[in-house]
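The values are calculated or read from the model by the stated rules, or taken from the named source; none is laboratory data. No experiment lies behind these values; they were computed from the predicted model shown. A quick note on method: Cβ atoms are made from the backbone with ideal geometry, for glycine too, and the neighbour counts reach across all protein chains shown.
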Ligand SMILES: [Zn+2]
């Protein structure tokens, strides 16, 4: 597991101190391509030679002045997914931690959503910060323009199965079809290509599927802090859950869902709270493009009816937005 993580400090938009820690990732080869701030403590202008790959739309905040007091992106990790890799508290034996204490990765699952994703993108843009979105194949098919917008605004797009299936309760062939179909849909929609990043629905991650993803050179993203936005559907509680989780974990991968209105409502205030507490946002981008595998799309797949080992829903979801 000799993974190469190249740290490309692309958007050093906040305090200068954070840049000092940019490449201290243990047990790995980390190359600091560019790091630091100008001697006057102002964020450095972004060097186009060190731009992120076009998975993210190739867009880095150009207007550093407007972003000077914002959350920004402390550093960007260019992740080599050769052989897979798995990150988050579910995977404590990972070869190297992705994050340092005080660092967070913002992640949003289950979308895109025609209005709430837009609200979240605006909130992220207002703080000049970047996130990773794990998208469902049929949602991307329903909302291709919003899918494109996420990438065009510089965020990373990974996948989350075609129809939000619990892969712990799906056959191997069916699971692979779910994974590959979502990737193929995303590849068709996204000009920059989809990232080889995957999150299991319900975090239900059988080893056989993790092995398959590793063979496909796709990294698995678990979580460290759950906002429980899917359950509480209340902006105040979403914020409280995240801050309480961070008190315990001191950083990590944060989980939200961009299909809920209260989540969208929570993000502006949450970013303010994170900034006030000194947390730094890290943006993860892939080092390599994904290779696609031809597969038929699941036909009329239902996302429900499978039991989940961790999350139980009291009532039956009513729409495609209620996973
Ligand atoms: Zn999900």
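Report yes if residue 183 is buried (at least 24 other Cβ atoms within 10 Å of the Cβ), more than 15 Å from the ligand (Cβ to nearest atom), in a helix (DSSP H, G or I) and within 18 Å of the chain's Cα centre (by Cα), otherwise no. In short, yes.
Taking the criterion of being in a loop (DSSP other than H, G, I, E, B) and either within 16 Å of the ligand (Cβ to nearest atom) or over 16 Å from the mean Cα position of the chain (by Cα) (or both), the residues of segment 129-154 that qualify are 131, 136, 143.
The single residue among 97, 101, 112 that is part of a loop (DSSP other than H, G, I, E, B), surrounded by 22 or more Cβ atoms within 10 Å (Cβ to Cβ) and in the same structural domain as residue 267 (by TED's automatic domain parsing) turns out to be 112. The requirement of being farther than 26 Å from residue 126 by Cβ, within 14 Å of the ligand (Cβ to nearest atom) and in a strand (DSSP E or B) is fulfilled somewhere in segment 155-164, by at least one residue. Residues of segment 236-248 that are more than 19 Å from the chain's Cα centre (by Cα) and either within 16 Å of the ligand (Cβ to nearest atom) or over 24 Å from residue 201 (Cβ atoms) (or both): 236, 240, 244, 247, 248. Annotation note: of 266, 261, the sole residue that is surrounded by fewer than 24 Cβ atoms within 10 Å (Cβ to Cβ) and over 17 Å from the mean Cα position of the chain (by Cα) is 261. Checking 101, 92, 112 one by one, the residue that is in contact with a helix residue (DSSP H, G or I) (Cβ under 7 Å, 6 or more places away or on another chain) and either within 16 Å of the ligand (Cβ to nearest atom) or at pLDDT 50 or above (or both) is 112 and no other. Taking every residue in segment 247-273 that is under 10 Å from residue 120 (Cβ atoms) and without any contact (Cβ under 8 Å) to a residue 40 or more places away in the chain and pairing it with any residue that is within 16 Å of the ligand (Cβ to nearest atom) and part of a helix (DSSP H, G or I), at least 6 positions away or on another chain, the pairs with Cβ-Cβ distances below 8 Å are 266/229; 266/238. Taking residue 205, is it buried (at least 22 other Cβ atoms within 10 Å of the Cβ) and within 16 Å of the ligand (Cβ to nearest atom)? No: the conditions fail for residue 205.
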